[in-house]
Amino acid sequence: MSPARAFLGGCCRLSRATGRRLAPSPGPPLRAGWLRYLSACTGGPEEGDMRRYLSAHYSEARRSINEIIPSIPSNMLNPKAIFSNNEMSLENIEIYGFDYDYTLAFYSKDLHTLIFNTARDLLIHEHRYPNELKRYEYDPNFAIRGLHYDVHKALLMKIDSFHYIQLGTVYRGFEVVPDSEVIEMYQGSHVPLEQMSDFYGKSSEGNTLKQFMDIFSLPEMTLLSCVNDYFLKNNIDYEPVHLYKDVKDAIRDVHVKGLMYRAVEADIERYICYGEKTQAVLAKLANHGKKMFLITNSPSSFVDKGMNFIVGKDWRDLFDVVIVQADKPNFFNDKRRPFRKVTDRGVLLWDKIHQLEKGKIYKQGNLFEFLKLTGWRGSKVLYFGDHIYSDLADLTLKHGWRTGAIIPELKSELTIMNTSEYIETMAWLQGLTGLLERMQVYRDAESQMLLRDWIRERQQMRDKARKIFNPRFGSIFRTDHNPTYFLRRLSRFADIYMESLSCLLNYDLHHTFYPKRTPLQHEVPVWSEQQYPGTFGIPFLQQIAQQK
């Protein structure tokens, strides 16, 4: 496979869809340069002149990649598109369900600062942590979603879909842990299954790693790193397990004690954003006669004030069922808890619930009772949420609902992938990898010395590619070459995914989402979208808009 084909099919296709590699043939405008390159590869090295021979191949690969780069469009990936893991037609969807936080309601970065500061102060005042922790401020650019935290070793790290730690992304506090130390601690870079967190990403007895899948977990990861950093810099002996539990409890109390809810309600314009887009989506579904429901873990007064701001005081008229404080994921598994009706003043009634009435708010309950009272079963239901475990996993595995994941990070990552810096970096990274793959057959000392230089350059390019997204952890979807553990779960539990609900505005409600058929490693591609650039990238958004 040529470096250009590896780049065009591997970098761009892999980043848009499932993480598997697509290897198309270069289109007609690209073939002339690659014919020259391939012809240069047919000649063999002259004895005793391996360095010149390999250097010629390196220079030709670099020149050919540079010729190809200008032909790669810089707007190939559309941040407003909906991406599909499983074929699904909106024509078959009759009922739309939603989580609230980071699904209907999007928050500004001020909210994460609020959570961090409040939890930090709880650590100081209620858990007797040093007052000097107040010197630490929230850094929104530190962590990314999907990281794992080793509870016993106090290490934050990125793990791929095969349970391998990505070296260079293991942090103790704010200091990166050397690769050699990581390999010694874990006897390699692989984490056995029994050490991974349970199904919902939590760390329980026997599991040393906790995965942070929630957007709300970004302040928690940062606070853990801040406290670890303080203890390490001040040579304070501490038990990592206690630290993890105390930070977890402090973050939980920010929610459970209503501290976050009261702060947001008091200054709702500061914290909630993109409300008009959510309103437009709900109006579109309502105008097409779709049934809608809301299931959230947030309390009724918080949801009511937020939806009043987003939609208006008549927001409940849009929803056939509203359920608050559902305690997901237990809502999807525990059959014992009945529904309770909530009055407009937040008072719980003791009436037995025989039906779920439109315009009313209900608390707790369980999905089995929900299905019994509504009859909303199977693939005619599409539920949207941001938490892959708590919102989506049980619905797709046990109940056959269709699921949509809201991934706000998509917007910034796809924007980065359209930049010339990213395209140039990935083009040469793929080209150099292909060159190494072919030339590794030469085992003489001179060749091996030069190949080691290429390997070092390849690692430098990998590090550069990672830092384009996040200086410490890179993309939430990819390690150096493998999909992340986060993407693996996203691919399994979400039929479709997008950066926000507003992406639905770009599609009519008869649209069918088709996942891209990317070749398996042992398959040969027989057709390439790169040969037909008019059909690549944006899923026909212009045509759809013209048909409305």
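For the chain, the solvent-accessible area with a 1.4 angstrom probe is 46 square angstrom per residue.
The aspartates and glutamates within cross-link reach of residue 352, meaning a Cα-to-Cα straight distance under 14 Å and a gap of 8 or more places when in the same chain, are 369.
Any idea what the alpha-carbon Rg over 2.2 N^0.38 Å comes to for the range 392-434?
1.89
Extending each Cα 7 Å along its Cβ direction at residue 521 and residue 162, get the distance between those two points in nm, one decimal. Calculated label separation equals 0.6 nm. Between residue 137 and residue 492, the FRET efficiency estimated from the beta carbon spacing at R0 = 56 angstrom works out to 0.95. With semi-axes defined as the square roots of five times the eigenvalues of the C-alpha gyration tensor, the equivalent ellipsoid of the range 173-233 measures 20, 20, 9 Å, largest first. Express the carbon and sulfur contribution to the solvent-accessible surface of the range 278-332 as a percent, rounded to the nearest whole number, probe 1.4 angstrom. That fraction is 42 percent.
Taking other residues whose beta carbon is less than 14 angstrom from the beta carbon of residue 335, and scoring Lys, Arg as +1 and Asp, Glu as -1, yields 0.
Working note: Cα atoms of the chain, range along each principal axis, descending, whole Å: 91, 66, 39.
For residue 499, nonlocal amide neighbours, meaning residues 5 or more places apart or on other chains whose placed amide H falls under 5 Å from its own, are 407.
Once backbone amide H atoms are built at 1.01 Å from N, residue 98 has 293, 294, 295, 384 as its partners under 5 Å, excluding neighbours fewer than 5 places away on the same chain.
By the helix-only formula, in which each DSSP H run with n ≥ 4 contributes -39500 (n - 2.57) and the sum is divided by residues, the chain has a 222 nm mean residue ellipticity of -12000 deg cm²/dmol. FRET efficiency for the pair residue 198 and residue 52, taken as 1/(1 + (r/R0)^6) with r the Cβ-Cβ distance and R0 = 56 Å, rounds to 0.45. Computed from Cα positions, the angle between helix 109-126 and the longest principal axis of the chain comes to roughly 70 degrees. Considering the range 275-398 at the alpha-carbon level, its Rg and Dmax are found to be 14.1, 38 Å.
Could you pull out the pairs from 360/380; 210/372; 335/380; 290/363; 80/363; 80/341 whose alpha carbons sit more than 29 Å apart here? Over 29 Å Cα-Cα: 210/372; 80/363; 80/341. Rounded to the nearest 10 degrees, the angle from helix 300-310 to the longest Cα principal axis of the chain is 60 degrees. Summing +1 for each Lys or Arg and -1 for each Asp or Glu among the other residues whose beta-carbon sits under 11 angstrom from that of residue 404 gives -3. Residue-wise HN-Hα couplings along the range 281-289, as the Karplus relation 6.51 cos²θ - 1.76 cosθ + 1.60 with θ = phi - 60° gives them from phi, are 5, 4, 5, 4, 5, 5, 5, 9, x Hz; Gly and Pro carry x.
The values are calculated or read from the model by the stated rules, or taken from the named source; none is laboratory data. Quick caveat, the model's predicted, so the values are computed rather than measured. Heads up, the Cβs are rebuilt from the backbone with ideal geometry, glycines too, and the neighbour counts pull from every protein chain shown. Ligands, DNA and RNA are stripped out before the accessible areas are found, and what is left, the full protein with its side chains, is counted by its heavy atoms. Shrake-Rupley method; radii C 1.70, N 1.55, O 1.52, S 1.80 Å.
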